[in-house]
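A short write-up of the structure that comes next.
The values are calculated or read from the model by the stated rules, or taken from the named source; none is laboratory data. None of the values given here were measured: they were computed from a predicted structure. Here the Cβ is made from the backbone with ideal geometry for all residues, glycine too, and neighbour counts use every protein chain on show.
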Amino acid sequence: MKKHFFLSTVALFFTLVFSDISYAQAIYSYKKADPDGTGKWYMGREIAHVMSHYGIGWLERSEREEEERTSMLLKNLGLKQGEVVADIGAGSGYHAVRMAPMVAPAGKIMAIDIQEEMLEFIRQRSKKLNLTNIQPVLGSEQSLELTPSSVDKMLLVDVYHEFSFPREMGLSMFRTLKPGGRIFLGGRIFLIEFRAEDPDVPIKRLHKMTETQAKRELEAVGFVFEKNLDNLPWQHCLIFRKP
């Protein structure tokens with residue numbers, strides 16, 4: 001009886017392992033990589049390399065407001081007092097420190113990154129600026145590591161195209177976001193990506209996305225596309241709602 005149980009358990013284990021492998025192979029494919037890419041493809045798009053914490057200087061460049069109109073981007077979010085906002089791929093905290101006063105005192109910013117060095121930079125920056133409502137969160141490549149239905153809005157600035165597991169992260173975002181109504185801007189994802197449709201945008205090809213591609217990927221995990229706010233110089237501001 002014990003032997004039969006052991007063999008059945010082993011068989012089940014290998015069935016689950018190979019099922020996971022088959023599932024991953026069905027979602028992702030692998031080809032020769034672009035110099036800026038990982039060689040891993042998802043829904044016809046090659047995934048780009050992640051910017052390391054050594055790129056903080058680029059994130060904090062003085063020209064960023066002029067090039068990206070970051071102040072206009074924050075207006076697009078329509079932030080309100082008391083909201084919980086997830087800044088996904090928060091990096092240096094460039095947007096987090098600007099959003100924190102907008103949702104204070106009851107609201108908070110969940111600054112999520114997979115690099116501890118980025119989170120430590122945010123901690124030191126928040127302390128220096130006396131911002132107490134920014135919570136650094138160490139996420140993983142496949143999960144935000146947050147409680148389901150705990151976030152009102154999500155902001156992703158030039159980061160989604162670098163996700164190593166976009167399908168899994170998309171599902172994690174869907175679980176974590178609160179449902180959104182049709183009138184108010186709660187339950188929304190604001191996906192900011194450099195426009196791949198525009199050859200004049202001076203960004204490497206794999207670090208851009210088309211509106212069509214973004215819609216294809218986010219809709220595949222359950223989000224509903226609402227609109228593209230075409231008021232940023234180089235980037236899409238794509239809004240998706242959790243129904």
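Miscellaneous remarks
Rundown of residues vs (1) closer than 22 Å to N231 by Cβ; (2) in contact with a helix residue (DSSP H, G or I) (Cβ under 9 Å, 6 or more places away or on another chain); (3) among the charged types (D, E, K, R), yes/no style:
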site	(1), (2), (3)
E60	no, no, yes
E63	yes, no, yes
L74	yes, yes, no
Q81	no, yes, no
V97	no, yes, no
Q115	no, yes, no
K128	no, no, yes
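- On inspection, L155 fails the criterion of being of a type in the set (A, V, I, L, M, F, W, C) and not in a strand (DSSP E or B).
- Subset of segment 212-243 (residues that are under 15 Å from G187 (Cβ atoms) and in a loop (DSSP other than H, G, I, E, B)): V221, G222, F223, K242, P243
- Some residue of segment 123-145 being under 24 Å from F240 (Cβ atoms) and assigned to a helix (DSSP H, G or I): no
- Residues considered: S150, S126. Of these, the only one that is under 27 Å from R69 (Cβ atoms) and of a type in the set (S, T, Y) is S126.
- Scanning segment 171-186 for residues that are modelled with pLDDT of 95 or more and either in a strand (DSSP E or B) or surrounded by 21 or more Cβ atoms within 10 Å (Cβ to Cβ) (or both) returns S172, M173, T176, L177.
- Filtered residue count, segment 145-165, keeping only those that are among the hydrophobic types (A, V, I, L, M, F, W, C), out of contact with any strand residue (DSSP E or B) (no Cβ under 6 Å at 6 or more places or on another chain) and closer than 19 Å to E217 by Cβ: 3
- Matching residues, segment 33-83, being in a loop (DSSP other than H, G, I, E, B), farther than 30 Å from G107 by Cα, within 19 Å of the chain's Cα centre (by Cα) and among the hydrophobic types (A, V, I, L, M, F, W, C): M43
- Selection status of A220, farther than 26 Å from R64 by Cα and aliphatic (A, V, I, L, M): yes
- Inter-residue pairs, beta-carbon under 7 Å, first assigned to a strand (DSSP E or B) and in segment 187-210, second among the aromatic types (F, W, Y) and surrounded by fewer than 19 Cβ atoms within 10 Å (Cβ to Cβ), 6+ apart: F194/W234; R195/W234
- Looking only at segment 71-92, residues that are more than 12 Å from L155 (Cα to Cα) and either free of Cβ contacts under 8 Å to residues at least 40 places away in the same chain or acidic (D, E) (or both) come to 7 in all.
- Test: residue in segment 104-119 that is out of contact with any strand residue (DSSP E or B) (no Cβ under 9 Å at 6 or more places or on another chain), under 27 Å from D36 (Cα atoms) and at pLDDT 95 or above: yes
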